[in-house]
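Encoded as structure tokens, the structure appears first; notes follow it.
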Amino acid sequence: MNANHHESSDLARPRITLRGPAELADALPFVLGFHPTDSVVLVALHGEHGRFGGRVRLGIPRSPREWASTADHLAECLVEGGERSGSRPDGIVVFLCQDPAAGETGRRVMERLRPFAQRLRTACGALDIPVYEALCISDGLYFSYCCPDARCCPPDGTPLALSGTTVMAATAAYAGVQVRGSLRDMERRFQPSGGPREEEQRTALDASAAEIVPRILESAEDEGRAEVRETTLRLARAVLRRFANPTGEAGRAGRPGTPTAPRTPGGSVTSTAESDAADDALVGTGEAAALILGLQDRATRDRAAEWMEGWEGTAALRLWRVLATRCVAPYQEHAAAPLTLAGWTAWSTGDEPTARVALVLALDIDPEYVFARLLHQACNEGLDPESLRSCLRTERDSRLASDQAASGPSPRVRTRVARPQSSRQTLRKPGRRTGGAERRSSAGVRPGGPAASKPGSGSPRHGGHRGTRSGR
């Protein structure tokens, strides 16, 4: 079957044929972009040759009583997503990935999950979609629930191929597809790490909450909220420049003695852990607290979403990751905003695996966070983020033009003032238009949804106060 590592087909990318369960198991990390841990994954197959299409992933429910409803939900999501994009799956491959518990073997994991695998097969069959293969991956082995031939799929499992030694690995390297470690490692990069600094951050969050929240919620005519918004965005822009300057000049300008990410002679970051630690050092506890509290305002968050491409997108993703890790107890739910921004920025810059991880974490914190739900759905359906980028550019340009008109010269001279140069960006040709993208636009899939403030308005609509579900 032909492996395609993206939601949408791309004839320019190299294709290979996967033969048998061994090569399917080897391909899974390259399809997702990471090694799934404690996950159930369904991958859609299309056409006569079984081209890879959409996929869905979810953590394996701990209680077997949830397996039936989870199986039905996953099968429906995968099939309905394919139908919305105009390509109903012709088949499905199921993967169950879970490490053994203490004293447990890979084969024992496989047997324990067998009823779940069978329920997934029947759920797909009820939708008239056959399951061509169902694999369990555990303890460095793979097991097949469908192949009865012990010569190719022995009951005790078959060792996975060594990393980087297969044709799939070579093809992925040629195509520029990266595997970013395990899912657990990717999630850890967005979560508080603990340590002595956590108490300092908690104290800063308490102080910022006492100062900022009343100004957002209680000020007359939204004056306080507008002031907090502009203060938050100014601070965020200043911090953003620290991440964008590899020489450390911006860091020293923003905060004396601030280090930058360690670099090797070739200019690459020495390791993910060291890079994250250096990024964390660029943001003070008071700055992080002010940004976290300020981003709880929906209009502020939507303005921050405009940093989505180029150097701004790269720097913003690193900043949102730092802010997510600073949401220490009891402020964990405040991480939904920076996590969603991280998911949007990663998706906009082409990093779909990171986008999916960040958005799932945001929905784990708040399943009703509308911005995260819409982005997660759009990302899973393989829609083009250019549609949303174009919308954000238009709103930004309209706001800048309105601000300039409000602070410009007298009306007699204003007619001779040239249009802002940034408005030319609205003439860019939008990305490919698919049925899904059109539906997304008509449904108002953009930050803040229909309740967001109008471009150029000095006072957003009332509602969306922090602490209410409508504020999501």
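What's the local net charge at residue 187, with K and R +1, D and E -1, over the other residues with C-beta under 12 Å away?
With Lys, Arg at +1 and Asp, Glu at -1, the net is +3.
Which sequence of 111, 66 reflects their accessible areas, 1.4 Å probe, from the largest down?
66, 111
Whose amide H sits under 5 Å from the amide H of residue 99, counting only residues 5 or more places off or on another chain, with H placed in the peptide plane?
Residues meeting the criterion, in which the H sits 1.01 Å from N, are 38.
Once fully extended, how much extra length lies between residue 73 and residue 132, figured as 0.36 nm per residue of separation less the alpha-carbon to alpha-carbon distance?
Full extension of this stretch gives 19.3 nm more.
For 67, 320, write out the residues from largest to smallest accessible area, computed with a 1.4 angstrom probe and no ligands counted. Don't jump to the answer; show the numbers that get you there.
On the way: 67 25, 320 5 Å².
Sorted descending by solvent-accessible area, the residues read 67, 320.
Can you figure out the FRET efficiency of residue 244 with residue 101, using R₀ = 56 Å and their beta-carbon distance, to the nearest 0.05?
0.80
Please give the per residue accessible area of region 51-139, computed with a probe of 1.4 Å over protein heavy atoms only, in Å².
I get 47 Å² per residue for region 51-139.
Quick one: accessible surface of residue 365, probe radius 1.4 Å, all protein chains present, in square angstrom to the nearest 10.
Residue 365 exposes around 60 Å² with every protein chain in place.
Could you work out what % of the accessible surface of region 293-363 is carbon and sulfur, using a 1.4 angstrom probe and leaving DNA, RNA and ligands out of the count?
56
Given Cα pairs under 8 Å that are at least 6 residues apart, what percent is the relative contact order of region 72-154?
Once divided by the residue count of region 72-154, the mean separation gives 33 percent.
Show 279, 26 ordered by accessible area, largest first, where the area counts protein heavy atoms only and the probe is 1.4 Å.
Working: 279 5, 26 30 Å².
Heavy-atom accessible area, descending, gives 26, 279.
Equivalent ellipsoid semi-axes for region 56-131, as square roots of 5 times the alpha carbon gyration tensor eigenvalues: give them largest first, rounded to whole Å.
26, 11, 11
The values are calculated or read from the model by the stated rules, or taken from the named source; none is laboratory data. Because the structure is predicted, anything quoted here is derived from the model rather than measured. Note that each Cβ is placed from the backbone with ideal geometry, even for glycine, and that neighbours are counted across all protein chains shown. All accessible areas refer to the heavy atoms of the entire protein, side chains included, with ligands and DNA or RNA removed. Shrake-Rupley method; radii C 1.70, N 1.55, O 1.52, S 1.80 Å.
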